[in-house]
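The values are calculated or read from the model by the stated rules, or taken from the named source; none is laboratory data. Quick caveat, the model's predicted, so the values are computed rather than measured. Here the Cβ positions follow ideal geometry from the backbone for every residue, glycine too, while neighbour counts run over all protein chains shown. Ligands, DNA and RNA are excluded from the accessible area calculation, which covers all protein heavy atoms including side chains. Shrake-Rupley method; radii C 1.70, N 1.55, O 1.52, S 1.80 Å.
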Amino acid sequence: MSTRWLKVLRAEYLRELRTALRYPMEIGTGLLVMFLFFAGIFFGARQIAGGSISTENTEMLMIGYCMWFFAIIALNAMSVDVENEARQGTLEQVFICAPAFLPVLWIRALVKLTYGFFTVLLLGLSLQLLTGRWLAFQAADILPGIVAIVLSIAGITGLGLLLGALSLVLKRVGQLSSIIQFSLFIPAFSDLSKLSPAVQGWVSHFPFTRGIMLLRSLLESESLPESYWSQCGMLLLDTLAFAIIGSLVFLAMERLAKRDGSLAHY
Amino acid sequence: MALAVQIEGLSKRYQRRLPWDSQSTLAVDGLELNIPQGEIFGLLGSNGAGKTTTIKMIAGLVMPDAGRVSFPAWQRRPQLGAVLEGSRNLYWRLSVWENIAYFGELKGVYMNALRPQADELLEMFGLADKRDRPAQTLSRGMQQKLAVVLALLGEPELLLLDEPTLGLDVSSSLTIQRLLRQLVRERGLTIIVTTHQMEVAQAICRRVGIMKAGRIALEDSIDSLVDLFQRWDYVLRMDEPAYRMVQRDLQEYEYEELEEQRPGQVSLRFRMPDNLAVYPLMELLAAYRVQLTQFSQEQPTLEEIFVKVTDGSREAGE
């Protein structure tokens, strides 16, 4: 990475941190909302299940919820960011100042996901305290787990970039983003292994579905499943496909917005 | 002097792309314009004349349908600074210094070079004691000044300002005008300003281009425009009794009585066919021994020129 981009990376880390520190209440309440939402799901599910949920199901619920939260951060990092920048009037300024906008957006996603990772850790810890169940990963599972998380979230970021691209031209994509956020609920909380292999094959290409399945397989089995790394390879291909498609569509939409003169519209 | 910006046959039509709405608007229509280096050039025009589209095409934010923008003085795309959305160009949640640090690094300025540059600019724009204040707590004028400071980071070669003094109070507007003149004088910067505030353009620009319906209707130095639109109007003020005395003899002149604030005084504006016609008038007044308390020739203001041009009463080349 050239020093120019390292400067951009530093600038984005500091901007994100400074903004967050100026409004800590916003982050705190955001986290609290996610915590209460989980509490509602957890206690609701327990009530329906007759007063208790199995340890396995609780762990699945927590893993799914944390991944879903992380996915929302990734999705918003790309789509909401572009929409907000246009609304506050800084989008064109960033276009003029930066050597190129797309890499800036990827850097921003990296920054938001770094901070988001710590938020997810905090959320995960508070969920474990709430449920009284502790996620027991083996030391050997940490690296494979991280690989699955990183690849899944990178795939979602590519999807977020597609939304960001649309927001350059269509401007308001908040509702579409909400639909995608809630549709991510399905892979996050359902048992996809019960689907027919053909459907499973299709669904698993959707960003983060395969990642969730891999994380669950880590929790369920004593040792690393035999097909784990080959599945990771498939996940990598899916992620690259989403990242590349997202980037290409973004460049096309950027061109279209410049042609329509609508870059700064909101 | 080298050309900073050369615009050849630039056109832009905005087209709505909805199936039920395919209206289009011609914003810029075969624009030809040469902007010299090292001065402030004013792009004037009414709302919808195509000023902002033109400046955004220069900045590369809007793609032209036809024509090209080149920068002969640099033989490459110059380092740009721009204020296109006024005070909205800032991150309102960040402080003055945090905005500077962010945009400075985004432009690739090293932090050790950025600090002295920022200190100088903050001092120059009177924001030195506001560096830790969040941008949203600054007054509109200060936010506007900060937007200009941010545009100046990284020492741009070409500064694009879209309505830089719009909505500012007189004092803030005058300060920004003074600072822009100072930047051109001391740093040799080229500035392109769009505005429909004629007094601002007259105060800071050496040359202006008046846009009408996407084209340049008239382009010249302000001095040449004033000469071009010169009229021989003279304002004379005298005591009321003296005026009554010569009133009958003045009837052969084309003149009007102006509203006069001073009691016992009368102000008259004479419209002469040329400057030689003023001598017989002076001789007449001298014959009556009329004491003049004011005698001045009125120059056309840029605003008057602008109205004439945009009303179509006098087109370029006429």
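Once the dipole of region B:1-64 is set up with Lys and Arg at +1 and Asp and Glu at -1 on Cβ about the Cα centre, which of B:Gln23, B:Thr52, B:Ile40 lies farthest towards its positive end?
B:Gln23
Net charge within 12 Å of B:Phe71 by Cβ-Cβ distance, Lys/Arg positive one each and Asp/Glu negative one each, not counting B:Phe71 itself?
Taking every Cβ under 12 Å from that of B:Phe71, the sum is +2.
What is the sum of charges around B:Asn275, taking Lys and Arg as +1, Asp and Glu as -1, for the other residues whose C-beta is under 11 Å from the C-beta of B:Asn275?
That sum, taken over residues with Cβ under 11 Å, equals -1.
Rounded to the nearest whole Å², what accessible area per residue is found for the protein assembly as shown with the 1.4 Å probe?
46
For the Cα atoms of chain B, what angle does the longest principal axis make with the long axis of helix B:278-287, in degrees from 0 to 90, nearest 10?
With both axes taken from Cα atoms, the answer is about 40 degrees.
Mind checking the dipole of region A:3-260: about its Cα centre, +1 per Lys or Arg Cβ, -1 per Asp or Glu Cβ, Debye to the nearest 20?
Here region A:3-260 has a charge dipole of around 800 debye.
Using alpha-carbon pairs under 8 Å, 6+ residues apart, how would you state the relative contact order of chain A in percent?
Here the relative contact order equals 28 percent.
Can you give the net charge of the other residues whose Cβ lies under 14 Å from the Cβ of B:Pro156, counting K and R as +1 and D and E as -1?
Overall, the nearby charge balance is +2.
Accessible area drop of at least 50 Å² (1.4 Å probe, protein heavy atoms): which residues of region B:42-71 qualify, relative to the chain alone?
SASA drop of 50 Å² or more in region B:42-71: B:Leu61, B:Met63.
For chain B, what is the number of Lys pairs with C-alpha distance below 19 angstrom, counting only pairs 8 or more positions apart or on separate chains?
10
Hey, what angle do you get for helix B:140-152 against the long axis of chain B, alpha-carbon based, 0 to 90 degrees rounded to 10?
Relative to chain B, helix B:140-152 is tipped by roughly 60 degrees.
What fraction of the DSSP beta bridges in chain B is antiparallel, stated in percent and rounded to the nearest 5?
DSSP beta bridges in chain B are roughly 65 percent antiparallel.
Determine the total buried accessible area between chain B and chain A, counting protein heavy atoms only with a 1.4 Å probe; round to the nearest 100 Å².
What B and A bury together is about 3300 Å².
Put +1 on the Cβ of every Lys and Arg and -1 on every Asp and Glu Cβ in the protein assembly as shown; which of B:Ser139, A:Val203, A:Ser230 then has its Cα farthest towards the positive end of the dipole?
Looking along the dipole axis, the top candidate is A:Ser230.
Compute the long axis of helix B:96-106 from its Cα atoms, compare it with the longest principal axis of the Cα atoms of chain B, and write down the angle in degrees, 0 to 90, nearest 10.
Here the helix axis deviates by roughly 60 degrees.
If you bin the C-alpha pair distances of the protein assembly as shown every 20 Å from 0, what whole percents do you get?
Per 20 Å bin, starting at 0, the Cα pair percentages come out as 17, 38, 26, 13, 5, 1.
Anything losing 40 Å² or more of accessible area from the isolated chain to the full protein assembly: pick those residues out of region B:90-136, probe 1.4 Å, ligands and DNA/RNA ignored.
So the qualifying set is B:Tyr91, B:Arg93, B:Leu94, B:Glu98, B:Tyr102, B:Phe103, B:Glu105, B:Leu106, B:Lys107, B:Tyr110.
In debye, nearest 20: dipole of chain B around its Cα centre with unit charges on the Cβ of K, R (+) and D, E (-)?
In total the dipole reaches around 1300 debye.
Can you list, bin by bin at 5 Å, the percent of alpha carbon pairs in region A:3-260, starting at 0?
Percent of Cα pairs in each bin: 1, 6, 12, 16, 18, 16, 13, 9, 5, 3, 1, 0.
Within chain A, how many lysine pairs that are 8 or more places apart, or on different chains, have C-alpha atoms less than 30 Å apart?
For chain A, qualifying lysine pairs total 6.
Considering the dipole of region A:3-260 built from charges on the beta carbon (Lys and Arg +1, Asp and Glu -1) around the Cα centre, which of A:Leu17, A:Ala86, A:Met253 is farthest to its positive end?
Farthest towards the positive pole: A:Ala86.
Compute, for the protein assembly as shown, the length of the dipole vector about the Cα centre, with Cβ point charges of +1 (Lys, Arg) and -1 (Asp, Glu) only. Units Debye, rounded to 20.
1500
Would you grab the residues whose amide H sits under 5 Å from the one on B:Ala82? Only those 5+ places off in sequence or on another chain, please, with H modelled 1.01 Å from N.
The list, which skips near neighbours in sequence, is B:Leu160.
Quick check: at a probe of 1.4 Å, how many percent of the accessible area of the protein assembly as shown sits on carbon and sulfur atoms?
In the protein assembly as shown, the share of accessible area belonging to carbon and sulfur is 57 percent.
Which residues belonging to region A:244-266 lose at least 50 Å² of 1.4 Å-probe accessible area when the assembly is complete, relative to their chain isolated?
Residues of region A:244-266 that lose at least 50 Å² of accessible area once the other chains are added: A:Lys258, A:Arg259, A:Asp260.
Counting only the heavy atoms of the protein chains, how much of B:Phe295 is accessible to a 1.4 Å probe, in Å² to the nearest 10?
Spelled out: B:Phe295, probe radius 1.4 Å, area about 100 Å².
Per-residue ellipticity at 222 nm for chain B, helices alone: DSSP H runs ≥ 4 residues times -39500 (n - 2.57), over residue total, nearest 500 deg cm²/dmol?
About -10000 deg cm²/dmol.
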